[in-house]
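Visitor: What follows is a structure written as structure tokens; I'll ask about it next.
The values are calculated or read from the model by the stated rules, or taken from the named source; none is laboratory data. Nothing here was measured: the structure is a model prediction, and the numbers come from that model. In this analysis, Cβ positions are derived from the backbone assuming ideal geometry, glycine residues included, and neighbour counts consider all displayed protein chains. The protein model used for the area step is the full one, side chains on, heavy atoms only, and it has no ligands, DNA or RNA in it. Shrake-Rupley method; radii C 1.70, N 1.55, O 1.52, S 1.80 Å.
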Amino acid sequence: QVQLVESGGGLVQAGGSLSLSCAAAGRIFSIHTMGWYRPAPGKQRELVADITSGGRINYLDSVKGRFTIFRDNVKTTVYLQMNSLKPEDTAVYYCNANVRLLGLSVSSNYWGQGTQVTVSS
């Protein structure tokens, strides 16, 4: 019903930059929150950054000042600009969106397939 198509990622040296994007498609009425997650020790996934339709943003403490999340004007695509990358940022990054479908009154969470980010030292 909803597809989250991710792009970006890849291999970069420490200190470099990468940009991720995630486009939502389907019978979408609205998207409240879009964000990026990655696996973490002891957790299934940890929040890296998310942004609401109103522009409220949350960042994982370890990426503050290095990563920037933003959405396009139509608000169905979310981007993550990652600067000053560190080897510990290496992970599969998953896009998440809280979507309300056309004809429904409740929202559900959807996940992308994940995109690999590898930072070499």
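Visitor: Where does segment 73-113 land on the Kirkwood hydrodynamic radius, alpha-carbon pairs, in angstrom?
Guide: When all Cα pairs of segment 73-113 are included, the Kirkwood radius is 13.0 Å.
Visitor: Can you give me the Cα centroid spacing of segment 1-18 and segment 37-81 in angstrom?
Guide: A separation of 13 Å, based on Cα centres.
Visitor: Considering only protein heavy atoms and a probe of 1.4 Å, how much of the accessible area of the chain is carbon and sulfur, as a whole percent?
Guide: Exposed carbon and sulfur together represent 49 percent of the surface.
Visitor: Can I ask one more? Summing +1 for each Lys or Arg and -1 for each Asp or Glu, what net charge is found among the other residues whose Cβ lies under 13 Å from the Cβ of Q116?
Guide: Overall, the nearby charge balance is -1.
Visitor: Now a separate question. Work through the residues other than V12 whose Cβ is under 11 Å from its Cβ and net out their charges, Lys, Arg +1 and Asp, Glu -1.
Guide: So the environment of V12 carries a net charge of 0.
Visitor: Taking all pairs of distinct Cα atoms, average 1/r, flip it, and tell me the Kirkwood hydrodynamic radius of segment 40-92 in Å to one decimal place.
Guide: The answer is 12.2 Å.
Visitor: For every other residue with a beta carbon closer than 13 angstrom to the beta carbon of Y93, add +1 if it is Lys or Arg and -1 if Asp or Glu, then tell me the sum.
Guide: Local net charge: -2.
Visitor: What distance in nm separates the simple spin-label points at F70 and V5, each placed 7 Å from Cα in the Cβ direction?
Guide: In this crude label model, F70 to V5 measures out at 2.3 nm.
Visitor: At a Förster radius of 25 Å, what calculated FRET efficiency corresponds to the Cβ-Cβ distance of S84 and L60, to the nearest 0.05?
Guide: For S84 and L60, the calculated efficiency is 0.95.
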